[in-house]
Structure formats: C-alpha cells, structure tokens
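The values are calculated or read from the model by the stated rules, or taken from the named source; none is laboratory data. As the structure is a computational prediction, the values presented were derived from the model and not from experiment. Cβ sites come from the backbone with ideal geometry, for glycine too, and all protein chains shown count toward neighbours. Quick note on the areas: whole protein, heavy atoms, side chains included, nothing else; ligands and nucleic acids left out. Shrake-Rupley method; radii C 1.70, N 1.55, O 1.52, S 1.80 Å.
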Amino acid sequence: MLVHFHHAAGVDAVQRTEAFLEPYELIVNRIPTDDGTYLAASGDQRTVPWEELERLDGVESVIPEPPQYFFASREFKRERTRIEVGDVVIGGEEEGDVPVIAGPCAVENKTHLLETAWAVKEAGAQLFRAGAFKPRTTPYNFQGLGYRGLELLCEVKEEVGLPIVTEVMDTCDVSAVEECADVLQVGTRNMCNTALLKRLGETNKPILLKRSYSAKIEELLKAAEFIIVYGNPRVILCERGIQTFETYTKFTLDLVAVAALRELSHLPIVADPSHGTGRPSLIRPMACASVVAGADALMIEAHVDPNLMIRPGDWTQAILPHEIEEIIAAVRALRVDQRVHA
Ligand code: PEP
Ligand code: MN
C-alpha cells in the first residue's frame, strides 16, 4: 500500500500514521518527494482498517495496491530526472552533451589503471569506470582485486580527478565502496538481489543499475523501485544487452528497451554497447544508435593496451582510449538536431 500526504500535512501527520500502522507489523518506508511524502508498506495488510486510515488527519489518499513501479514511472513524475555527479549531468530535460563513462573492465594494476584514466580523460570521458569486485559467470575467471582494487581506484581518482563508477556486489561492501565511488554500479547478475538493492537505498550516492541480461524491461523498473522505496531516488538505468539466440555478438544490445524506458520512466538511461556487443567494431555505431534511441550517457570499456588485460575476461571488447574521442564526436554530430522523442 501507499499512503500519500501533501507537504502541508506536516511531519506530525506522517508520524501519527506510522504509529497507526505499527500494530499491523508491516515494513513501512517513508519516501519524501516533490509531491509530498509517501508511506510505502508491505506485509499482511488484510486487517488494516482502510476507511479509518483514509480519514486520518493529513492523509491525502491511500492506494491499497499501487502499480509495481510507481516512483520510477513517468506517471509519477513527468519531468525527466537529472542526476549530477560532480559537474557531470546525466539525464534531465535538456538534450546536452552525452557523458561517457569509460575505463577498463577491472582494476588489474596501478600502472594500467592510471594510464587508462589519464587517456580516457584526455579523450573526453567524464567519468572513469573499473571494477574492483567482478561478478563472473565462472570461478576460473579473474574475480577482481576487491579491497585492494578500491584503494587503487581512490589513488587514481585523487591523481586524475575523474569521478569513479564501480561495482558493488555484496551488502557488506557497500560502505567501503561508497567511500571511494561517486556512482555505485549494480551489475547484471545482481539486478535481482533485493538485499543489495535495499541496502543501496540507504546510500546517498547515485546507483547505476544494470539490467539483468535475462530481465524484462518492467523487471528493471521494479528493481529501481526497490532502491527508491528504500530511500535513494538517484537511480540511473543501464541497458547492457540481453541474452538472445544470437551468437555473433556477446549479448544483444536492446535499443527498444532504451526507447521504452524513456517512455515508461523519468530516470536517466545509460547504454553500454561494450557488453551489449562484445565487439570493438560495433561499439561506435551502437553508441550512436543508443543516443538516437534515447540514452542520456554511455558506458564504454577502454584500456591502453587490451592485449595486456588479464584473460579470460573482457579484453576482446575493450577499445583504445583515443576511440572514445571519435565516439564523442560522432555522438555530438547526431545531437545537433534530434527531435526523436516526444
Ligand atoms: C562490467 O561493467 O564490467 C560488468 C561486469 O557489467 P555487467 O554486469 O553488465 O556484465
Ligand atoms: Mn566488463
């Protein structure tokens, strides 16, 4: 259920309603929004006296069965959400530059990390990415340097000055990751990890939520809803390719999802043509196509020397940093007069 209060109702009315709901042993989250405060409750609500609840002082409305993703939806908020990471803006109503998040798949060693960070910065990328915690499909692949990787990321951030996007896989690592990261990434394999999503509701850093490669568009939005309801409205959606019957590409970058997400949600959208194709030659065209489809930003894997990356891994899809510059130029040219979206 959702209970809605206008701003004028004041915090007392919200607190009284929380106290009213206490005997029913529900989980109740308080969600402050531009449209007043909401209480979102889950649990056995069969004995809740709805009429009494509706009549409580300050209660504007009660929605016993809200839509599955309410706060993430365009119905809730028409205007597109703008998320600021330092000076970088992702999303929003203005069709400005398309920020690029670039960097290697994983933190492997300080030398390559630092060289790649300087090179992607030089190429025009505005955020730096690299995973310290790597979710892998097999235990035989490099799993990341973990806490040591975070330390290296902090050092590189200090030296190069680009904001950091890095993955968090486990609830117990969230505090450590948020100390270093400017944006916390949830990988495709963790999109359905509700314990992690709830924990990320407690951080005040933006969350880059990657679509599971086997999730429907609505399931991505429901995952985003978890983070919002548990306290963090700064969610960035990421299309990174889904599993299909195609084998020429590693995954199938689902650009229908990008356009559909823009229609269904106000949240910013990032496209990841690196994982979405697995092929360097396809990254530029699919980056451009993603932007036309409605992506607000791009995530691209780059490395100063992909041949030196740890194998097996994502070395086959990494592009050279100077190629980022070409992608940025190609995307900019597209953006000049783009009246594609309603
Ligand atoms: C990554 O960004 O390197 C990554 C592991 O992404 P995904 O979770 O989309 O596979
Ligand atoms: Mn990767």
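For the reader, a short list of remarks on this structure follows.
- The charge dipole of the chain, taken about the Cα centre with unit charges on the Cβ atoms of Lys, Arg (+1) and Asp, Glu (-1), comes to about 960 debye, rounded to the nearest 20.
- In range of the label at E18: residues from segment 210-232 whose backbone nitrogen is under 16 Å from the point 7 Å along Cα→Cβ: 229-232
- Across segment 1-117, Cα-Cα pairs farther apart than 17 Å form 66% of the total.
- Column: log10 I(q)/I(0), Debye, Cα scatterers of the chain, q = 0.09, 0.15, 0.16 Å⁻¹: -0.50, -1.19, -1.33
- Flagged links, alpha-carbon separation over 31 Å, of K77/K121; K77/K157; K121/K198; K134/K157; K157/K198: K77/K121; K77/K157; K121/K198
- Between the C-alpha center of segment 195-235 and that of segment 260-287 there is a gap of 18 Å.
- Segment 48-207, accessible surface, carbon-and-sulfur percent (1.4 angstrom probe): 45 percent
- For the chain, excluding the exposed loop sites themselves (chymotrypsin sites (Phe, Trp or Tyr not before Pro), DSSP loop, at most 12 other Cβ atoms within 10 Å), the longest remaining stretch covers 1-139.
- Along segment 33-39 the Karplus relation, 6.51 cos²θ - 1.76 cosθ + 1.60 evaluated at θ = phi - 60°, assigns HN-Hα couplings of 9, 5, 9, x, 9, 10, 10 Hz to successive residues, with x for each Gly and Pro.
- Ratio of Rg to Rh for segment 179-334: 0.97 [Cα atoms; Kirkwood radius as inverse mean 1/r over pairs].
- Dipole check for segment 238-342: with +1 at the C-beta of Lys and Arg, -1 at the C-beta of Asp and Glu, and the Cα centre as origin, the magnitude is about 120 Debye.
- Calculated [θ] (222 nm, deg cm²/dmol) that DSSP helices of n ≥ 4 give over the chain, each run adding -39,500 (n - 2.57): -10000 deg cm²/dmol
- Net charge, I283 excluded, C-beta distance under 9 Å - Lys, Arg +1, Asp, Glu -1: 0
- Segment 108-179: projected area of the alpha-carbon convex hull, averaged over directions, in nm²: 5.0 nm²
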